[in-house]
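Scroll down for the structure; my scribbles are underneath it.
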C-alpha cells in the first residue's frame, strides 16, 4: 500500500471532505459528492479519483467511497467496523446468519465473511474490499422470509441485524451460511 499524499488538498477536494465530515458521513456516493461541491459529473469523477490516489478516500465499489480519517496516518491504513458499511451496500438489508450468530455470542468462530440478508439483488452475490480485508455475502430472500430484525448502534451508526430468534431460524433454513457446511455444499 502506498503512502498517503499529504500535499495540500485542492479547494473542491477539501470542500467535499469537510462537508461529509461535518455531516458525520464516513461513507458517501458519487451523487453525494456532486451535491457537496457541484459541477459536471466527469469533474466529480476526476476529483474522486485524485482523492483515491492520494489515499484520502477508499473506493468501496463503483460510485461508493469511504473517507479515510486522520487516524489512518501517513500510510492511509484504516479499519472500519464492517457493519457500518452494510447500509450503503443494499436496501433493505439485515446482517444475518453466521455474522449474527457471532454477534450474539452463539459461536466463538469469527466468520471471515459478513453475511447480509436482503430481498434485492441476485440469489447470492459477494463483494470484497481488499484494502479493508472485508468480504460481504448477500443472500437474497423471498419477501415473506425477510422479517425478525432489530436495530443496533455501532460506532454511532444505526444498523439492522436479525434478532436472536430469526438468526436461529435462518441458520436452520440455510445452514451453509452459518458455518455448518462448506460454502459449496448443496
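Any read-out appearing in this document is the output of simple, stated calculations on the displayed coordinates, not a laboratory observation. Computed from a prediction, not measured in an experiment: that's the story for all the values here. We place every Cβ from the backbone using ideal geometry, glycine too, and count neighbours over all the protein chains shown.
Let me know the whole percent of all Cα-Cα pairs from the stretch 82-177 that are separated by more than 16 Å.
Values: 2321 of 4560 pairs.
The proportion of pairs with Cα distances above 16 Å equals 51 percent.
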Per-residue [θ]222 nm for the chain (sum of -39500 (n - 2.57) over DSSP H runs n ≥ 4, rounded to 500): -8000 deg cm²/dmol
Principal-axis tilt of helix 41-53 within the chain, Cα atoms, nearest 10 degrees: 80
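If you stretched the chain out fully between residue 144 and residue 21, how much longer would it get, using 0.36 nm times the residue separation minus the C-alpha to C-alpha distance? Let's see the in-between values first.
Working: separation 123, 0.36 × 123 = 44.28 nm, distance 3.82 nm.
Roughly 40.5 nm would be gained on extension.
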Degrees separating the helix 164-173 axis from the principal Cα axis of the chain, which is the longest one: 70
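For the stretch 11-72, count all C-alpha to C-alpha pairs, find those more than 19 Å apart, and express that count as a whole percent of the total.
In whole percent, the long-distance tail amounts to 15.
Arrange the following residues from fewest to most other Cβ atoms within 10 Å of their Cβ: 16, 58, 9, 101.
Listing 16, 58, 9, 101 from fewest to most nearby Cβ atoms yields 9, 58, 101, 16.
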Rough spin-label spacing in nm, given labels placed 7 Å along Cα→Cβ, for residue 158 and residue 126: 3.3
Under 20 Å from the residue 169 label point (7 Å along Cα→beta-carbon), backbone N, the stretch 104-135: 104-106, 115-120
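So for the stretch 93-186, averaging the separation of alpha carbon pairs under 8 Å that are six or more residues apart and normalising by length, what relative contact order in percent results? Please list the in-between numbers first.
Details: 152 pairs, mean separation 27.5, N = 94.
Here the relative contact order equals 29 percent.
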Sequence of 68, 89 once ranked by neighbouring C-beta atoms within 10 Å, starting from the fewest: 89, 68
Per-selection metrics, the stretch 116-155 (Cα): Rg and Dmax in Å: 12.5, 36
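Sort the chain into rounded, prolate or oblate with this rule: let a ≥ b ≥ c be the square roots of the eigenvalues of the Cα gyration tensor; rounded if a/c is under 1.5, and if a/c is not under 1.5, prolate when a/b is larger than b/c, oblate otherwise. The partial results should precede the final answer.
Details: a/c = 2.33, a/b = 2.02, b/c = 1.15.
Prolate shape, in that a/c is at least 1.5 and a/b is the bigger ratio.
When only C-alpha pairs under 8 Å and at least 6 residues apart count, what is the relative contact order of the stretch 24-182, in percent? Show your work: numbers first, answer last.
Details: 231 pairs, mean separation 28.5, N = 159.
Value for the stretch 24-182: 18 percent.
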Gaussian network model of the chain, springs between alpha carbon atoms under 10 Å - residue of 46, 25, 166 with greatest fluctuation: 46
Cα→Cβ-extended label distance, 7 Å offset, between residue 119 and residue 151, nm: 1.8
